[in-house]
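The values are calculated or read from the model by the stated rules, or taken from the named source; none is laboratory data. Note that this is a predicted model, so its numbers are computed, not measured. For neighbour counting, all protein chains shown are included, and Cβ atoms are generated from backbone atoms with ideal geometry for every residue, glycine included.
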Amino acid sequence: MDIAYIEDLVYYGKYDVALPLILREEKEEKSAELEFLKGICLRETGDPIGAISCFKEAESMGMENRKRLYHEIAWTYLKMGKREEAIEALKKVEDPEVLVEEAEIFEESGDVNKAEEIVDSLLSSSPSLNAYLKKAQIMVRRGDMDGAIKLLREVKDERADVIANFLEIVSGRSSSMKGNENFLPYVVGLSISYAMRGELDKAEDEAKRAVSLDPYSPLLHTVYGVILLLRGKDGDDELRKGKEWREPSYMKEGISMEGIKFLIDEMMRDLVG
């Protein structure tokens, strides 16, 4: 079987489908790449200890893409609550850009100040697109959406402009996207913008319209489910349809604590990458 097919399954979150295929392939021939993919599947299906074992086996077998390997090891340790081990894994990567991932680890573990300190240091010594994007993400998390938009525009990069466009819609500013009212980023951003202003009836209408435009998008179902929850309605069915983007229980807990801000932060996480 073509390993690229298994890669695609893992990329799209089809871990329960990918894992049996990996185990079947390994009966014929083991490889570092298969061990690596198996590790991701095990982690995402609830076995982080087994995942670490697979990643270490991939390392011993000479997996070529060490940066990707150590990235996954780091995030597995982070899911286990082992921040120091996660940082140690990243330090094996000889690339200044790894500091962006280190910042992500501190952010994920709740130390946003340390994360921002790392990013600011990187921007001073070796500025890069990823560092600017991470800085913008932290600014949004802190509630400084205007500052994030300004920073992204100054980068003068297409990807940064796309994120800035989305934030402009969310914050209620005008945007070049507004020309096509059926353009999905515009529809989703408009829904969130209404929710931020407390106009939840309009937010629901736009979120529902987004789902009608692309009924196969897990993200759009999650957005719709979140808006329904904010309106005091039953959003569980929509959240279940969006489980390939985010786990329903994770979203419900986050929304209950932070409201629509939690959804924005999660979407920024994906946009920044």
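A search for C-beta distances below 8 Å between a residue of the stretch 99-121 that is farther than 15 Å from ASP270 by Cα and any residue that is not in a helix (DSSP H, G or I), counting only pairs 6+ apart in sequence or on different chains, returns VAL112/ARG142.
Here GLU116 does not fit the description of being among the charged types (D, E, K, R), modelled with pLDDT of 90 or more, buried (at least 18 other Cβ atoms within 10 Å of the Cβ) and farther than 25 Å from GLU97 by Cα. In the stretch 213-270, counting only helices (runs of 4 or more DSSP H) that sit wholly within it, the ones holding 3 or more residues that are among the charged types (D, E, K, R) span 236-241, 248-258.
So if I check each of ARG68, ARG43, ARG159, ARG141, which one is basic (Lys, Arg), buried (at least 18 other Cβ atoms within 10 Å of the Cβ) and at pLDDT below 95? Of ARG68, ARG43, ARG159, ARG141, the one residue that is basic (Lys, Arg), buried (at least 18 other Cβ atoms within 10 Å of the Cβ) and at pLDDT below 95 is ARG141. When we screen PHE36, PHE55 for residues that are aromatic (Phe, Trp, Tyr), crowded, with 18+ Cβ neighbours inside 10 Å and free of Cβ contacts under 8 Å to residues at least 24 places away in the same chain, the only hit is PHE55.
Checking each residue in the stretch 100-119 for being farther than 25 Å from ASN165 by Cβ and of a type in the set (Asp, Glu) picks out GLU101, GLU102, GLU108, ASP111, GLU117. With respect to being at pLDDT below 95 and assigned to a helix (DSSP H, G or I), SER121 fits the description. Of the residues screened, ASP214 is not one that is in contact (Cβ under 8 Å) with a residue 12 or more places away in the chain and farther than 17 Å from VAL188 by Cα. No other residue among LEU23, LEU42 is touching a Pro at 6+ places or on another chain (Cβ under 9 Å) and outside any loop (DSSP other than H, G, I, E, B) apart from LEU42. Output yes when any residue across the stretch 93-110 is of a type in the set (A, V, I, L, M, F, W, C), assigned to a helix (DSSP H, G or I), over 22 Å from ALA51 (Cβ atoms) and touching a Phe, Trp or Tyr at 6+ places or on another chain (Cβ under 6 Å), and no when none is. No. I want to confirm something. Restricting to the stretch 190-231 and keeping residues that are closer than 15 Å to ILE169 by Cα and basic (Lys, Arg), which single residue is surrounded by the most Cβ atoms within 10 Å (Cβ to Cβ)? The selected residue is LYS202.
With respect to being part of a helix (DSSP H, G or I), surrounded by 14 or more Cβ atoms within 10 Å (Cβ to Cβ), within 22 Å of the chain's Cα centre (by Cα) and modelled with pLDDT of 90 or more, ILE73 fits the description.
Candidates are the residues of the stretch 11-51 that are hydroxyl-bearing (Ser, Thr, Tyr) and more than 15 Å from GLU72 (Cβ to Cβ); the one that is farthest from the chain's Cα centre (by Cα) is SER31. Residues of the stretch 221-273 that are closer than 28 Å to LEU133 by Cβ, touching a Pro at 6+ places or on another chain (Cβ under 7 Å), modelled with pLDDT of 95 or more and charged (D, E, K, R): none at all.
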